[in-house]
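Peer 1: Just passing along the structure, written as C-alpha cells.
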There are 2 protein chains.
Amino acid sequence: MSNFGDYLRKVREERRSGDATFSVRQLASRVGVEPSYLSKVERGQQQPPSEKTIAALANELDEDPDVLLALAGKVSGDLQSIIRRRPKLFAELIRQLKDMPDHAVLRLVREVRDGEW
Amino acid sequence: MSNFGDYLRKVREERRSGDATFSVRQLASRVGVEPSYLSKVERGQQQPPSEKTIAALANELDEDPDVLLALAGKVSGDLQSIIRRRPKLFAELIRQLKDMPDHAVLRLVREVRDGEW
DNA sequence: GGTAGTGTGTAGTATATGGTACACGCATGA
DNA sequence: TCATGCGTGTACCATATACTACACACTACC
C-alpha cells in the first residue's frame, strides 16, 4: 500500500465493515472537510491534505499519525530535528539505507532496540 | 549550523573571502532572485526558498544540494521512496536514531559502506 | 416510486507561498 | 563630496494550496 489515498481508503473500508458510520460522508463530517474533497484525496486526485487534517483523520481512524504523515510525504518533527542536527551524516545514512534490503534494516532496528548501540 | 539561513550565510561569506563576487546582490543576481529576498532568507525572516532556487544556490556556491535541501526541510526523492516503501519500518528506525549518539550513527554508516550489510 | 444513503464531478475561493520592486542608510575610496 | 557597492525594510503581487458549495447519478429499502 504505497500511497496515501489508497491506504486511507483501505483503512476506512476496514473500519466500515465493523461500523457503518465510516462512509466518506460520515468520516469527512467528523474530520471537518467536505466529502467530495475526501473522496478526491482517497483517489489521488488531490494532493494529501494538511498535517492538521491528516492528524484528524488518524485520530478518527485510530491510525498512527506518523505513518499517515510519512505516506503523505510530510516528515515528522523528530526526523526534522535529526536532519537539522546532523544533515551530512543523515544524507550519508540515507544513501546507504536506499540499497539496504529489508532484513538488514530490521536487523539494525533490532540491535538498536536491544541496546547494542 | 542548524538552520538553512545561517548555513547559507556562512557558506556565502566563506566563498566571499576568496572571491569578491559573492555578495548578497551578486549571488542573488546569478541565482535569479531579488537581493532583499536572499537577505531575508539568510536571516530566517523568510521560509527557505523553493527546491529550484535551492538547487541554483547549491550550484553557485558549489555545495551539496542534498544538504541544503535537508536543512531546508525538503526531503530528497531517495528518502521519499524509502518512506513510501516501508513507512512503519522507517518510523521505527527514526525513533531509534533519535536517541543514538553520533558515534553510533557513524559506526552504522561505516559498517554499511564496508559491505557488512 | 419516493426517500435515504452512497460516492463523485465541477466550479469557485481564502489563505499561504515564493517571490518582485524600489527605496533607504551605511561604508569606503578617489 | 559624491559615486559605488553593501545589506536591508516595506509594500506589493502572481500562483499554488487546501479546501468549500452544490449538484448529479446510482443503489437499496419499503
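Each value in this text was obtained by applying a stated rule to the coordinates, not by laboratory testing. Note that the structure is a prediction, hence the values are computed from the model and not measured. A quick note on method: Cβ atoms are made from the backbone with ideal geometry, for glycine too, and the neighbour counts reach across all protein chains shown.
Peer 1: 7 Å along Cα→Cβ for the label point: how many nanometres lie between B:Asp62 and each equivalent label in the other copies, listed shortest first?
Peer 2: 5.9
Peer 1: Counting only other chains, what is the mean number of Cβ atoms within 10 angstrom of the Cβ of each residue in peptide B:25-34?
Peer 2: 0
Peer 1: Averaged over its residues, how many other protein chain Cβ atoms are within 10 Å of peptide B:94-102's Cβ atoms?
Peer 2: 5
Peer 1: Now, a different point. How many angstrom lie between the Cα centre of the stretch B:46-94 and the Cα centre of the stretch A:16-37?
Peer 2: When both Cα centres are located, 34 Å separates them.
Peer 1: Using a cut-off of 13 Å between beta-carbons, work out the net charge of the residues near A:Asp19 (Lys and Arg +1, Asp and Glu -1, A:Asp19 not included).
Peer 2: Surrounding charge for A:Asp19 is 0.
Peer 1: Using a Gaussian network for chain A with springs between C-alpha atoms less than 10 Å apart, which of these wobbles most: A:Pro49, A:Pro87, A:Pro35?
Peer 2: Fluctuation is largest for A:Pro87.
Peer 1: Okay, next question. Place the label 7 angstrom along Cα→C-beta at B:Ser29 and in each other copy, then list the distances from the first to the rest in nm, shortest first.
Peer 2: Its label point is 6.2 nm from the equivalent points in the other copies.
Peer 1: A follow-up question, please. Sort the following peptides by mean Cβ neighbour count (other Cβ atoms within 10 Å, averaged over residues), highest first: A:64-75, B:103-114, B:53-64.
Peer 2: Highest mean packing first, the order is A:64-75, B:53-64, B:103-114.
Peer 1: Keeping to pairs on different chains or 8 or more places apart, tell me how many lysine pairs in the protein assembly as shown have Cα atoms under 15 Å apart.
Peer 2: Close lysine pairs under the 15 Å cut-off: 7.
Peer 1: Would you mind counting up the charge near A:Gln80? Only other residues with Cβ under 13 Å from its Cβ, with Lys and Arg at +1 and Asp and Glu at -1.
Peer 2: Local charge sum for A:Gln80: +3.
Peer 1: Hey, another quick one. Considering only chain B, pick the residue with its Cβ nearest the axis of the rotation onto chain A, and state the distance in whole Å.
Peer 2: B:Val75, 3
Peer 1: Report, for A:Asp114, each distance to the same residue's label point in the other copies, shortest first and in nm; define the point 7 Å along Cα→Cβ.
Peer 2: Nearest to farthest, the other copies are at 2.0 nm.
Peer 1: Which FRET efficiency, nearest 0.05, do A:Lys88 and A:Glu14 yield, Cβ-Cβ r, R0 35 Å?
Peer 2: With a Förster radius of 35 Å, E is 0.25.
Peer 1: Please arrange A:Phe22, B:Phe4 by counting, for each residue, the other beta carbons lying within 10 Å of its beta carbon, fewest first.
Peer 2: Exposure proxy ranking, most exposed first: A:Phe22, B:Phe4.
Peer 1: Ok, one more. Counting partner chain Cβ atoms within 10 Å of every residue's Cβ in B:104-112, what's the average?
Peer 2: 5
Peer 1: At B:Lys40 and A:Ser29, where each label point lies 7 Å from the Cα along Cα→Cβ, what is the point-to-point distance in nanometres?
Peer 2: With each label placed 7 Å out from Cα toward Cβ, I get 4.4 nm.
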